[in-house]
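Participant: Have a look at the structure that comes next, please.
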Amino acid sequence: MPLSGLEHRGVLFVLSSPSGAGKSTIARRLQASDPDIAVSVSVTTRPPRPGEVDGVDYHFVDVPRFKEMVANGELMEWAHVFDNRYGTPRAPVEKMLAEGRDVLFDIDWQGAQQLYQQAGGDVVRVFILPPSMAELGRRLRGRGTDDEAVIEGRMARAAAEISHWDGYDYVLINQDVDACFAQVKTILDAERLRRSRQTGLIGFVRRLMIKGG
Ligand code: 5GP
């Protein structure tokens, strides 16, 4: 629901960052703090990491199934990230928007670009930067889920991902996760208040203007 309680157009809220910049934590907190935001669960061909749950973190599929989804137009966007494929299933997003919910996407710059091409004004793109590359390296190693070769690869890719910062509407520096989360929430709340998203306003204002209404 929008803050005013009126009918509204859903926000397609994209959060991107290099791995380790804190995006997943912020996405989880946003989801937990706000029942009106639904999360788009991507499909991926990458194997699950320890603790990841199929259908919750990702839908884990093999390459033939992924290709079939692309061929059938089942994905709103898709991209190669590292050596794997990732994509956003279309049907759940359409369902969540029809239910009047906002949808959160944890996708990379290629996905943000494709979503923007399709849904333009409904998309809000937020990029989260790490405070430094040294800190990014510490966070990636601290996670302990990937081996050193994978981490090296991710560090190398991080610089390339960061170079796409100018394809975003908002760019935040995640120095402190609480402060960064608060900023993300502020952006979402403000975007919900945009006149163009508050489709219920026309009726509301009409009623306001009826004499004695
Ligand atoms: P990870 O393998 O660490 O979960 O994700 C690697 C990267 O893939 C992250 O930057 C994440 O945002 C991106 N990603 C995850 N799902 C999708 C998706 O559906 N589409 C696109 N384009 N990127 C995705």
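Values in this text are rule-based calculations from the coordinates and carry no lab data. None of the values given here were measured: they were computed from a predicted structure. Note that each Cβ is placed from the backbone with ideal geometry, even for glycine, and that neighbours are counted across all protein chains shown.
Participant: Order these peptides, 12-21, 49-58, 171-180, 106-115, by their mean beta-carbon neighbour count within 10 angstrom, highest first.
Facilitator: Packing proxy ranking, top to bottom: 12-21, 106-115, 171-180, 49-58.
Participant: On a 0 to 90 degree scale, rounded to 10, what angle separates helix 109-119 from the longest Cα axis of the chain?
Facilitator: Computed tilt is about 30 degrees.
Participant: Which distance in Å, rounded to a whole number, links the C-alpha centroids of the range 22-73 and the range 90-140?
Facilitator: 12
Participant: Starting from the Cα of ASN84, step 7 Å along the direction of its Cβ; do the same at LYS67; then give the gap between the two resulting points in nm.
Facilitator: About 1.9 nm separates the two model spin labels.
Participant: Once the Cα atoms of helix 133-143 and of the chain are each reduced to a long axis, what angle between those two axes, in degrees from 0 to 90 to the nearest 10, is obtained?
Facilitator: Rounded to the nearest ten degrees, it is 80.
Participant: Moving on to the next point. What Rg and what Dmax come out for the chain when only alpha-carbon atoms are used, in angstroms?
Facilitator: Expressed in Å, the Cα Rg and Dmax of the chain come to 18.6, 71.
Participant: A follow-up question, please. Defining a contact as two alpha carbons under 8 Å apart and six or more residues distant in sequence, what relative contact order in percent does the chain show?
Facilitator: Values: 316 pairs, mean separation 70.9, N = 213.
Once normalised by length, the contact order is 33 percent.
Participant: On a 0 to 90 degree scale, rounded to 10, what angle separates helix 177-192 from the longest Cα axis of the chain?
Facilitator: The helix 177-192 is inclined about 40 degrees to the chain.
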